[in-house]
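Since every read-out is calculated from the coordinates, none of them should be taken as a lab result. Source: prediction; values computed, not measured. Cβ sites come from the backbone with ideal geometry, for glycine too, and all protein chains shown count toward neighbours.
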Amino acid sequence: MSQQDPHTGSGEPEFLGSALAHLHEVLRTAAEGASGERLLVLTHRGPDPDAIGALEGMRFLLDRSLGIQADIVTVGRIHRAENLALVRALDLEFGEYDEIRPQEYFGSLLVDTQPGFGHTVLPEELPLLGVLDHHVTPEGGAGPDEVPHHDVRLGVGATSSIVWDYIRESGLELEPVVATALFCGVRYDTKDLSRNVSTLDEEAYYETFRRAHREVLPSIHNPPLPRKYYAELHRALDLACQHGPLVLCLLGEVSHPEFVAEMADFFLRMRGASWVVVGGFVEEEGEYVISLRTDQAFGNAYPLLQRVMGGEGTFGGHGHIAGGRIPVEAAREGAVEEIEERLNVLALAVIGKDEHGEDGPEERDLI
Ligand SMILES: [Mn+2]
């Protein structure tokens, strides 16, 4: 377990000397005598812009500053139009997890996630050498004692900012493609510096923007949306219920997990809403995915999600954002409905209401 306190965001990692030098030493030592020559760099399933920015930044840093050849490998398809647009606009290429040959690597490195999260897989044959992340270490996860280079900064809004900090320390001049990926990571995880922001995020945001391909940013920010997006949006609007400060939207089946996160951001903008819980079953992944958001005044998302999950599945969070996953026995009829019933009861219990809520019907139906 980590020593970090999830509620205060304290517990910045301490390295003797610099973080970059420490990372370099850990990787150099591990590579010595190992049969594999390359490093495997991984993130969570279905990478978002912050994960993509951190991966690209890491690839650049490892190659140019540390002289280490790295392979970036992702798990699960990218579905969200904005995230796909980022990959396509910058012509980024990632390997596929199912195709890796562990014997070619001397170890692995994880960005924007940690071991123990339900949406993260690691090859068991390889030593995990480093973690760079900004989420609270999950229960049963790996702390500084288990991972040689453990850089988890709870007070930072984006892992891309942490990776940028290493690049800054290295003295390398950012290339436009890498700068653009890092900028998008900071931009989307901090909502353009409007949430979970530290001084490091601000510096990373402005410095990466200065060097980014600015002409491609609009096409990443507002890509064309498929028709099915509008059908799914329609269903979400139909199902969302406001109960005082809480907006609850349990969607049944959804096409991809990013839609759940996007709706959580969307409903938080509702006047009077202080926190939002959105959930949906992703058949491809066999999991029920939950996103929780709180507004600036309401406080930390992590302890709230802990109560809403009621001990089921895995979850993580930082600042005003938290997410969780519950494995679903897809073959069993009614499994998704049962999860949604439990979430409904637990979320309403946080605000002191029974499973039917106490609001009148006029407040229950949004549309
Ligand atoms: Mn992130």
### Task
Give the residue from 69, 349, 159 lying farthest towards the positive end of the charge dipole for the chain; charges sit on Cβ (+1 for Lys and Arg, -1 for Asp and Glu) and the dipole is referred to the Cα centre.
159
#### Entry: the chain, Rg to Rh (Cα coordinates; Rh as Kirkwood inverse mean 1/r)
0.97
### Summary
Here the percent of antiparallel bridges among DSSP beta bridges lying wholly in the chain, to the nearest 5, is 50 percent
### Query
Tell me, which longest segment in the chain has none of the trypsin sites (Lys or Arg not before Pro) that fall in DSSP loops with at most 16 further Cβ atoms within 10 Å?
78-190
### Task
Evaluate the charge dipole of the chain about its Cα centre and quote only its size in Debye, nearest 20, assuming +1 on the Cβ of each Lys and Arg and -1 on the Cβ of each Asp and Glu.
840 debye
### Task
Assuming a ≥ b ≥ c are the square roots of the Cα gyration tensor eigenvalues, decide whether the range 227-364 counts as rounded (a/c under 1.5), prolate (otherwise, with a/b larger than b/c) or oblate.
rounded
### Query
For the chain, modelled as a Gaussian network with Cα springs under 10 Å, which listed residue fluctuates most, 100, 52, 326?
100
## Note on the structure
Under the rule rounded for a/c under 1.5, else prolate if a/b exceeds b/c, else oblate, using alpha carbon gyration tensor axes a ≥ b ≥ c, the range 181-273 is classed as oblate
### Gain upon complete extension [residue 269, residue 98; 0.36 nm per residue less C-alpha separation]
57.7 nm
### Task
Relative to the longest principal axis of the C-alpha atoms of the chain, give the angle of the C-alpha long axis of helix 49-64, reported between 0 and 90° and rounded to the nearest 10°.
0 degrees
### Task
Find the relative contact order for the chain and round it to a whole percent, using C-alpha pairs within less than 8 Å whose residues are 6+ positions apart.
15 percent
#### Entry: Low-density loop positions, GluC sites (Glu not before Pro), the range 52-131 - DSSP coil, at most 13 other Cβ in 10 Å
93, 124, 125
### Task
Note down the magnitude of the dipole of the range 209-283 about its Cα centre, charges +1 on Lys and Arg C-beta and -1 on Asp and Glu C-beta and zero elsewhere, to the nearest 20 debye.
420 debye
### Summary
With only helices counted (DSSP H, runs n ≥ 4, each -39500 (n - 2.57)), the per-residue ellipticity at 222 nm for the chain, to the nearest 500, works out to -11500 deg cm²/dmol
### Query
Angle between the Cα long axis of helix 257-268 and the longest principal axis of the chain, 0 to 90 degrees, nearest 10?
60 degrees
### Message
Springs between alpha-carbon pairs under 10 angstrom, Gaussian network model over the chain: which of 192, 91, 238 fluctuates most?
### Response
91
### Message
I'd like the distance between the alpha-carbon centres of the range 34-59 and the range 172-236, rounded to an integer number of Å.
### Response
18 Å
